[in-house]
Structures are given as C-alpha cells and as structure tokens.
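Everything on this sheet refers to the single structure shown next.
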Amino acid sequence: MKPLEITDPKPRDFGWVLKPVASARHTIQRCDRGHYEITIRHSILRGIDLAMLQWWFSSFFGLSITMGGERYPAYQVWHPLDHVAAVKIGGSKGSLVREGDTIRIHEYFQRRRAFEVNTEAYVFYGREDGFGILVRRGRLPVMRLFHRFEAVEGGVACHTKMIVGLEGGILRHPVNRWLLPREFGEEKMRAWCRHNVEEVGCLENFLAQAYARRHQGTGITLSLPPPPASE
C-alpha cells in the first residue's frame, strides 16, 4: 500500500508544555545479535486510568477533536508538533481498532524529514493493560513496540519497549547490519525516545476530558486551558 499522502500540518499550539526527555528513564542497547532494544519508563500519567487508555488506543484512529473552534484529527492533538496522520486500513469492521487490525502511521520526530516514519503496522495487542504494534518488511518483523500500563496511586505507570531489527533467522545479519542503520539508525532512535516521552506525557493534557466526553461520538469538543495570567 502507498504511504499516506497528506499535506504536513502546521505545528499546533494548544498551550501545553511537552514533557522533557529527563522526565523519563530510557535506555538504547545494541544486543549481541545486532538488533536494538529500547526501553522507556515514563513518569506517572497523573489523572489517567486504564479504562481511558484502552478507549484512546482503540478510538483515536477514527476520532476528531475540536478545540478553539478548530477541528483536528485526534492523532494530531496527541502530539501537536510531530504527528501527521494515523488511519486504520484493514482488519475488523468499524472505526475502532482491535487486535489483528492493520494501521498506517505518519509522523516526523522533531519535525525533521530525516526522522520521518510513514509505515504500516499490525496491532498484535490491544487491551486494558497495554498496546502493541508490529512493523514488517515483507514477512520480516523489523520493529515491535509495546506499551505496558499499570494502575498506580494517582494515575498509570507506562513502560515502553521497542525492538528494532531482527532477533533471529538467516537474514538477521544483513538486515541488522545494512537495512537497520539506513531506516532506523541510532540518531533516529534517540529522536524517537524524545518523541515518545512527549507523546505519552501529552495524554495528561487532554485524555481525561476527552474520555469524559466520549458520548459525543467520533467528534469530540474539548476546552483549551485558560491563557496564563498576565504579569
């Protein structure tokens, strides 16, 4: 399937401050077999619960959000700078995303062309305690991403793990040595870590309000935060 051909949106300014990378603990490790394992332990998502996260990850692909009189795809609200588009392209009927569905995502980490992602992914896990996708090149599983959610006092703990490259098989060496650096090298991995910390943390800004208004269906109107008080 062709990549999404959508005009890159301008950065959106909703008055939110994105969490810094230092708010989370992350590691990028090259393993003995040549693939990479990236882990992120995000700061607690305050005011959010597991039901909200399950609703979000199943719904945002077909959801629009209106704020300040402007209507946006929910995916663009999720990260006001980096996200371009996310759509469901195969699997179950309806707009909700379930295990076994296929999606396509388009984004630029730090809005840099060198850090573009425009790819198909298979949803292998989508439940209250987590969400996971798998990216293939042909039949080769070249990337696996999993968010694990755990209810804690005051909110939810999110632990993210991404495997980049092949963990085994006869094509492991050429893929990890030649294809991986070209498609998702270490600089892009570091950019992704920053992006993911910002993305996950941004849920604190709007998810509770969006979930409370989910009865509005696939088009939800949210209130922007009030402007800062004048000096």
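Where a number appears in this text, it was derived from the coordinates with a stated rule and is not lab data. Predicted model, so just to flag it, every value in this text is computed and none were measured. Note that we place each Cβ from the backbone using ideal geometry, even for glycine, and neighbour counts take in every protein chain shown.
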Mean residue ellipticity at 222 nm from the helices of the chain, using -39,500 (n - 2.57) per DSSP H segment of n ≥ 4 over the full residue count, to the nearest 500 deg cm²/dmol? -6500 deg cm²/dmol
Sort Phe146, Phe60 so that the residue with the fewest other Cβ atoms within 10 Å of its own Cβ comes first and the one with the most comes last. Phe146, Phe60
Fewest to most Cβ atoms within 10 Å: Glu150, Glu198 sort as Glu150, Glu198
Angle check, please: helix 186-212 long axis (alpha carbons) against the longest principal axis of the chain (alpha carbons), in degrees 0 to 90, nearest 10. 30
Relative contact order of region 21-213, defined on C-alpha pairs under 8 angstrom at six or more residues apart (%): 27
For Lys88, counting only aspartates and glutamates whose alpha-carbon sits under 17 Å away and dropping same-chain residues fewer than eight positions off, the answer is Glu5, Glu99, Asp101, Glu107, Glu120
What list of ³J(HN,Hα) values in whole Hz, one per residue of region 113-127 in order, does the Karplus curve 6.51 cos²θ - 1.76 cosθ + 1.60 (θ = phi - 60°) give from phi, with Gly and Pro shown as x? 4, 5, 10, 7, 10, 8, 8, 7, 8, 9, 7, 9, 8, x, 9
Ranked on Cβ counts within 10 Å of their own Cβ, fewest leading, Asp49, Asp82 go Asp49, Asp82
